[in-house]
Each structure stands twice: as C-alpha cells, then as structure tokens.
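Here the structure is laid out as structure tokens; the discussion comes afterwards.
Where a number appears in this text, it was derived from the coordinates with a stated rule and is not lab data. Computed from a predicted model, the values in this text were never measured in an experiment. A quick note on method: Cβ atoms are made from the backbone with ideal geometry, for glycine too, and the neighbour counts reach across all protein chains shown.
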C-alpha cells in the first residue's frame, strides 16, 4: 500500500513538473506597457516582443517605441504600426549583419535601414569591417540622412571609409559635416568636402599616401 502511494505521488510530481515545463504559458507581459497601452493593442505588442526575442532581436527598442508613442499621445493603432515597422527593420538588420552581431549593431543597422540603406548595403559594410564593430558606422549613415544628405550619397560615403576608418574618424566626419551644414553649406557639398578630408586623414593615420584615398563604392 505504501509503495503504491509513493509511486502515485512520484507520478503526480512528474506530471506537475511536466505541466510546468511544457504547458504553453502565452505571451510574456511587458510590465511597462500595463495601464499605458490598452487592449488588444498591448497583447499584440507583447506578441511582437515574444517573436523578436525568440529570433534573437533586441526588444528594448520596441518597448521604447511603444512608450514613445504613448508619450506623444498617438492612438493605439499608430503605436502598434510603429512597433511592427521597427521589428521589421531590426529583422532586416539582423539578417544582413549576421547572428554574431551585438544588440547595438542591430539597433544601429535598423536605423540605417529606416534612413534608406538596403540589406545589401549593411551586408557589404559588415564584409568591409569584418573585424570591427559597425555600431558607429551605421549610426553615422542614419545621422547624415537626418541632416539632409541623400540616402544613396550617405551610404556611399560610409562605405568609402569602411575598410580603414575607425570609429573616431566616423564621429569626426559626421560632426564636421553637421557643422558645415549649420554654417550654410549644402548637405551634399559638406559631405563631399569632409569625405575627402577624412579619407586623407585616415590614410595618413595608416601611414599611406593621401592620393590613394578611398572613393565611394556601392555593392
């Protein structure tokens, strides 16, 4: 009798453990969305977060996008659309940059995608900077477009510097372009002048002749 009871209890414990482990739990609930985003939008956003997390994508930008929409007073449909769009951009960046990419690289890549870069552009940038992080390079692309540089021109400039420039070169390049624009130069003219100067500086830093400076290249 006691043996049968112990067996029954053991089976009950196993069944309980299996139920806890295997039973579907539903979408995880992001607590910061509680009381801020109404249903059913909140559940749909939580499902997007679950899917993104399972795919290896950073989810914090998605939560931030939803909260940004709430802060701006956007209606739930617009908030959901914005979160979906960003999720798609993160997926494109992840696919282009590869599974070993950091969260920061994926986020910057998504910003570049939104600015007009193609997946092929990011993949080529990864190829050129295989041993260097892409966070600053991709962010530079997005920042240049934000100050009025046409997307194709910004992409070409970032790629032109990709093999030799380090993050500090990209930061200085972006700041100089922004300063020239603020002083009245057109975005394209400012970028052209600063690209030449930055390329020359990059090659001098590498001990090479400025005459061999890179030219804009596309995939």
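Considering Cα pairs under 8 angstrom that are at least six residues apart, work out the relative contact order of the range 35-97 and quote it in whole percent.
Relative contact order for the range 35-97 comes out at 38 percent.
Between residue 179 and residue 152, what is the spin-label point distance in nm, taking each point 7 Å from the Cα along the Cα→C-beta axis?
According to this spin-label approximation, the distance is 3.1 nm.
How big is the range 118-219 on each of its three principal axes, counting only the C-alpha atoms and giving the largest first in Å?
Reported extents, whole Å, longest axis first: 36, 32, 20.
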